[in-house]
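Take a look at the structure set out below.
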Amino acid sequence: MIDKVEIKGMEEIKLLVDSFYERIKQDPLLGPIFLDIMQVNWEMHLPKMYDFWDNILFQTGNYKGRPFPPHLHVNEKEKLTEVHFERWIMLFNETVDDLFTGIKAKEIKFKAANIKDVWKFKMAYINAHNS
């Protein structure tokens, strides 16, 4: 059993992101999307995710990208549905809960849930109107 720590900065963000994506890769629903459909270049993707979550939690300004458009490309190949987003948040929350404690752990789960809800709604709308 790992001692849970508080999320204080980039070191913990990296642990969170790396651990989360290891779960994603092994997941029977999401793994094939990342590994086969998207064929993620992990050396490029992970640093972007470090900056994304660091910015989300600590407002560092490190992340300059647009995270939604790449998911539209994935959606063209594999329709992203509520099931995908619910699995994503489940794995994210499990990762946070297994590794971290404290206010920032609660905050990052809250912010991730908000992202999940907005993206799930957007994809449902897009998929309903592009069928």
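The values are calculated or read from the model by the stated rules, or taken from the named source; none is laboratory data. Just so you know, these numbers come straight off a predicted model, no measurement behind them. Methodologically, a virtual Cβ is constructed for each residue, glycine included, from the backbone with ideal geometry; neighbour enumeration extends over all protein chains shown. These area figures cover heavy atoms from the full protein model, side chains too; ligands, DNA and RNA do not enter into them. Shrake-Rupley method; radii C 1.70, N 1.55, O 1.52, S 1.80 Å.
For segment 50-109, the solvent-accessible area of protein heavy atoms averages 55 Å² per residue (probe radius 1.4 Å; ligands and nucleic acids excluded). Subtracting the Cα-Cα distance of residue 89 and residue 26 from 0.36 nm times their residue separation leaves 21.2 nm of extension gain.
Measuring nothing but protein heavy atoms, the accessible surface of the chain at 1.4 Å probe radius is 56 percent carbon and sulfur. Please compute the modelled spin-label separation between residue 11 and residue 130, points set 7 Å along Cα→Cβ, answer in nm with one decimal. About 4.2 nm, to one decimal.
To the nearest ten degrees, helix 82-99 and the longest principal axis of the Cα atoms of the chain are 10 degrees apart. Residue farthest toward the positive end of the dipole of segment 27-85, with Cβ of Lys/Arg at +1 and Asp/Glu at -1: which of 47, 34, 60? My answer, from the dipole projection, is 60.
Decide, for segment 56-102, between rounded, prolate and oblate: order the square roots of the alpha carbon gyration tensor eigenvalues as a ≥ b ≥ c, take rounded if a/c falls under 1.5, and otherwise choose prolate if a/b is larger than b/c, else oblate. Oblate is the answer for segment 56-102, as a/c is 1.5 or above yet b/c matches or exceeds a/b. Are there any GluC sites (Glu not before Pro) in segment 13-100 that are in a DSSP loop and have at most 14 other Cβ atoms within 10 Å? List them by number. Filter output for segment 13-100: 78. Between rounded, prolate and oblate, where does the chain land on the alpha carbon gyration tensor, with a ≥ b ≥ c its root eigenvalues, rounded for a/c under 1.5, else prolate if a/b exceeds b/c? Prolate, since a/c reaches 1.5 and a/b exceeds b/c. Taking 7 Å steps out from each Cα toward its Cβ at residue 36 and residue 79 produces label points 1.8 nm apart.
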